[in-house]
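Only one structure is covered here, and it is reproduced in the block below.
The values are calculated or read from the model by the stated rules, or taken from the named source; none is laboratory data. Predicted, not measured: the structure shown is a model, and the values here were computed from it. Cβ atoms come from the backbone with ideal geometry, glycine included; neighbour counts cover every protein chain shown. Side chains are part of the model used for accessible areas, which takes the heavy atoms of the whole protein and leaves out ligands, DNA and RNA. Shrake-Rupley method; radii C 1.70, N 1.55, O 1.52, S 1.80 Å.
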Amino acid sequence: RFMVQLLKEMEEYAKENNIPIMMDDGLKFIEDYIKKNNVKRILEIGSAIGYSAIRMCLNENICITTIERDEVRYKEAVKNIKKAKLENQITLIYDDALNIDLDEKYDLIFIDAAKGQYIKFFEKFEKNLSEKGAIISDNLKFHGYTEQKERIKSKNLRQLVNKIRKYIEFLKENNTYQTTFYDIGDGIGVTKKRTDDC
Ligand code: SAM
């Protein structure tokens, strides 16, 4: 009950402060993936206020390392994780993900940060993926813009959408990894190492 209340408060805080948090159907998809694939260790890029990290941790024996570069959001995440009593399971790192190097391996790497940098995040952290692990990327539809045929008027938006399109191409053309795209939430990709045996 306390947890339901806390999550609700976090959803309200996110809404009031314009903080994008993962949509419910996307999160349910990930929670399901965690259960089915016996995921134990997760790396999340983009914690915001800790909402998805807390959701992924619930009912499971899971360890999460999550990275956030915005100080206000990071501090809010620290508070929320304390309230949820999940400090033993969730490690928060306050930094730009592109500045840090991790040695551990993770069964799931969840990319949910600056949309223009997805290829960089992928290339930086693929070495941290366990043999049968997956990289899950969110927002691949970017509110429908990535599939939009007409020219997008705003230059900034157009550049961002092009970067996401490039990331999708990068995933599709990758010889080492295979990606399945799901029309769930704002568009999710699940990327795994290709195996030689089909
Ligand atoms: N995963 C969160 C959830 O569903 O509750 C939402 C994350 S929000 C969509 C993206 C966050 O990534 C923002 O809070 C932003 O500050 C952070 N971010 C963006 N680029 C980053 C980077 N290079 N390193 C660390 N954090 C980054």
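If the requirement is being within 17 Å of Ser47 (Cβ to Cβ), part of a helix (DSSP H, G or I) and in contact (Cβ under 8 Å) with a residue 24 or more places away in the chain, which of these qualifies: Phe170, Phe121?
When all the criteria are applied, what remains is Phe121.
Identify all residues within region 67-106 that are touching a Cys at 6+ places or on another chain (Cβ under 9 Å), touching a residue at least 24 places away in the same chain (Cβ under 8 Å) and surrounded by fewer than 22 Cβ atoms within 10 Å (Cβ to Cβ); write none if there are none.
Ala84, Leu86, Gln89, Thr91
For the condition assigned to a loop (DSSP other than H, G, I, E, B), open to solvent by less than 20 Å² (accessible area, probe 1.4 Å) and of a type in the set (Val, Ile, Thr), what is the one hit in Ile109, Ile49, Ile54, Ile64?
Exactly one residue qualifies, and that residue is Ile49.
Testing Ile45 on (1) touching a residue at least 40 places away in the same chain (Cβ under 8 Å); (2) under 14 Å from the mean Cα position of the chain (by Cα); (3) more than 22 Å from Lys120 (Cβ to Cβ), one condition comes back false. Which one is that?
Against the list (1) touching a residue at least 40 places away in the same chain (Cβ under 8 Å); (2) under 14 Å from the mean Cα position of the chain (by Cα); (3) more than 22 Å from Lys120 (Cβ to Cβ), Ile45 comes up short only on (3).
Suppose we keep only residues that are in a loop (DSSP other than H, G, I, E, B) and surrounded by fewer than 15 Cβ atoms within 10 Å (Cβ to Cβ) within region 2-26. Which one would you say is farthest from the chain's Cα centre (by Cα)?
Ranking the candidates gives Asn17 first.
Consider Ile135 carefully, then state whether it is surrounded by 14 or more Cβ atoms within 10 Å (Cβ to Cβ), touching a residue at least 60 places away in the same chain (Cβ under 8 Å) and assigned to a strand (DSSP E or B).
In short, no.
Determine the pairs where a residue that is closer than 17 Å to Met22 by Cβ, located within region 139-159, has a partner that is within 16 Å of the ligand (Cβ to nearest atom) and assigned to a loop (DSSP other than H, G, I, E, B) with Cβ atoms under 7 Å apart, the partner being 6 or more residues away or on another chain.
Pairs that qualify, where the first residue is closer than 17 Å to Met22 by Cβ and the partner is within 16 Å of the ligand (Cβ to nearest atom) and assigned to a loop (DSSP other than H, G, I, E, B), are Asn139/Asp186; Asn139/Gly187; Leu140/Gly187; Lys141/Asp186; Lys141/Gly187; Phe142/Asp186; His143/Asp186.
Taking Ile184, is it in contact with a Phe, Trp or Tyr (Cβ under 6 Å, 6 or more places away or on another chain) and surrounded by fewer than 20 Cβ atoms within 10 Å (Cβ to Cβ)?
Answer is yes for this residue.
Of all residues in region 33-88 being of a type in the set (Val, Ile, Thr) and more than 19 Å from Ile111 (Cβ to Cβ), which is nearest to the ligand (Cβ to nearest atom)?
Selected residue: Val72.
Please give the number of the condition Tyr118 fails out of (1) exposed (fewer than 12 other Cβ atoms within 10 Å of the Cβ); (2) within 13 Å of the ligand (Cβ to nearest atom); (3) under 20 Å from Ser137 (Cα atoms).
(1)
Hey, any hits in region 167-177 for a residue that's under 17 Å from the mean Cα position of the chain (by Cα) and either within 16 Å of the ligand (Cβ to nearest atom) or exposed (fewer than 14 other Cβ atoms within 10 Å of the Cβ) (or both)?
yes
Considering each residue of region 95-115, count those that are near the ligand (Cβ under 9 Å from one of its atoms) and out of contact with any strand residue (DSSP E or B) (no Cβ under 6 Å at 6 or more places or on another chain), and give that number.
Adding up the residues that qualify gives 8.
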